[in-house]
1. PHE429 to LYS359: FRET efficiency via 1/(1 + (r/R0)^6), r the Cβ-Cβ distance, R0 45 Å, to the nearest 0.05?
2. Once both labels are modelled 7 Å past Cα along the beta-carbon direction, what's the LEU339-ASP24 spacing in nm?
3. Just list whichever of LYS8/LYS28; LYS417/LYS444; LYS238/LYS306; LYS8/LYS228 have alpha carbons separated by over 25 Å in the model shown.
4. Please report the accessible area of ASP322 (heavy atoms, 1.4 Å probe, ligands and nucleic acids excluded) in Å², nearest 10.
5. Run the quick spin-label model on LYS234 and GLN51: label points 7 Å from Cα toward the beta carbon, then report their separation in nm to one decimal.
6. Can you check what the net charge comes to around GLU420, using other residues whose Cβ is under 9 Å from the Cβ of GLU420 (Lys, Arg +1; Asp, Glu -1)?
7. Return the FRET efficiency for the residue pair HIS321, ASP466: r is the Cβ-Cβ distance, R0 is 45 Å, and the value is rounded to the nearest 0.05.
8. Calculate the spin-label point distance for ARG180 paired with GLU413, positioning each point 7 Å from the Cα along the beta-carbon direction, and give it in nanometres.
Amino acid sequence: MENVHSDKPLNAFLVGIQLPRVSDEEMKASLAELSRLVTTLGYNVIGQTSQRRQSDRRATVFGDGKLKDIATWTGGTGVVGPTFVKKKHKAALKFKSNDDDADDDFDFEDLDADLDYSTEAEDPSEIENPTSHKELAQVLVVDCELSPSQIRNLESATGAQVLDRTGVIIEIFSRHARTRAARLQVEIAKLTYVAPRLREVGGGEDRQGGGIGGKGAGESSIELDRRKIRDRIKELKKEFASIAQEHDVRRARRGQEITVALVGYTNAGKSSLMRALTGSDVLVADKLFATLDTTVRILYPETKPKILISDTVGFIKKLPHDLVASFKSTLDEALNASLLLYVVDCADSTFRSQLEVTKSVLAEVGAGEIENILVLNKVDKLTPEELANLKTEYPDAIFMSSLNPEDVASLREFLVKHFETAMVDQDLFIPYDVQGAIGEIRGKLRVLSESYDERGVTLKVRAHADDVKRIRTRFGI
């Protein structure tokens with residue numbers, strides 16, 4: 001990945017591919033989202049285009065005409081050059097150097113035998129040099145996942161560095177990972193993505209090697225690199241497993257607590273809502289995937305029993321499967337939640353499809369059946385008519401703006417009442433000679449009233465029946 005932290009950001013040109021069953025609106029929204037992703041990386045987007053195709057499996061993805069059009073934005077020829085030249089022995093190379101001036105005697109049939117074209121090439125002389133654009137792009141970003149050969153072909157035709165959507169998302173994750181756990185998860189996903197995209201340098205000839213960790217007989221340089229990547233992934237998974245165990249222990253300690261997990265599309269306002277509900281200093285930024293690490297805080301003002309709020313990693317369309325797999329441990333926070341709040345940016349015209357993405361990813365990690373409430377956030381950006389229509393469409397949803405203190409207070413009250421519906425009121429009598437019971441009860445249960453007599457204290461509490469039973473068993477009351 002190019003370094004984009006220089007004084008002048010690199011220019012990027014975006015290209016989308018509109019497959020059957022993809023509407024014009026969906027294509028437009030997808031490119032707009034890709035533009036935000038690329039901007040998050042630090043690139044300067046100078047233009048975009050798209051093409052309708054029946055499939056994205058073509059060697060160059062796009063048609064020949066569209067490829068030439070794209071090349072005018074990057075300074076390339078628009079034609080895929082030879083991707084492999086058969087290595088000649090020294091005698092042949094010496095003969096060629098002595099015969100360089102004999103162009104009239106050049107045998108084009110020998111050239112065809114020596115070169116392997118990954119797609120049918122046109123005469124480069126027919127391609128005009130691009131002069132129609134003031135700025136040229138150094139990076140071409142394609143809004144789908146590309147195979148290694150497709151990336152090579154596009155780079156050959158455009159003369160620019162080529163990134164696919166998956167590569168962009170993984171790079172953003174890599175830069176935004178803060179904790180050790182997040183960095184390990186991202187590196188595993190990144191290496192898994194990079195391994196099949198390694199390229200031979202210097203011919204990739206077989207070399208013999210010996211010694212521990214050296215090459216095996218006939219093992220090429222690229223095969224050695226891939227083996228190193230596989231070994232590195234094993235090391236990372238082993239290290240992450242130990243960290244995951246620590247997370248599981250902490251999660252188990254919270255297992256008896258009420259937990260609400262904020263889930264939803266990236267940049268839907270989860271972190272802003274988290275800060276508003278808990279008074280915490282979690283990072284809030286108008287960027288995609290600004291936060292990757294799960295944060296757990298207590299609902300403020302604190303309730304009895306306390307309610308924990310967790311903010312999870314955001315989702316996005318076409319989220320790479322390797323990232324979903326790598327972040328499964330992080331998403332387990334949602335899997336173990338008492339309630340999920342599906343936070344949606346209802347001011348975004350594509351929020352319905354974003355909601356489907358959220359549900360799909362949660363179902364993939366096994367959290368699809370957990371009780372959930374839909375929270376339509378950012379209503380301050382809607383017109384009164386739009387808000388009225390959404391209330392008709394989603395009568396059971398919570399409509400709010402995380403920037404409005406009254407809305408936040410209403411959501412807090414809703415959460416408290418929601419969990420209280422499953423609670424029971426009971427009287428607990430604690431003799432004066434029972435040590436620690438009153439403090440435990442005050443810390444974990446809601447005390448409605450209390451009375452004293454010569455034998456002890458009677459506390460009227462409101463809590464879940466299991467919590468009351470646990471207290472009674474522990475202190476024998």
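The values are calculated or read from the model by the stated rules, or taken from the named source; none is laboratory data. Quick caveat, the model's predicted, so the values are computed rather than measured. Cβ placement follows ideal geometry from the backbone for every residue including glycine, while neighbour counts extend to all protein chains displayed. Areas reflect the complete protein model, heavy atoms only, side chains present, ligands, DNA and RNA absent. Shrake-Rupley method; radii C 1.70, N 1.55, O 1.52, S 1.80 Å.
1. Plugging the Cβ-Cβ distance into 1/(1 + (r/R0)^6) gives 0.45.
2. 4.3
3. Result: LYS8/LYS28; LYS238/LYS306; LYS8/LYS228 exceed 25 Å.
4. The accessible area of ASP322 comes to roughly 60 Å².
5. Those two pseudo-labels are separated by 4.3 nm.
6. +3
7. For HIS321 and ASP466, the calculated efficiency is 0.75.
8. Reported label-point gap for GLU413 and ARG180 is 4.5 nm.
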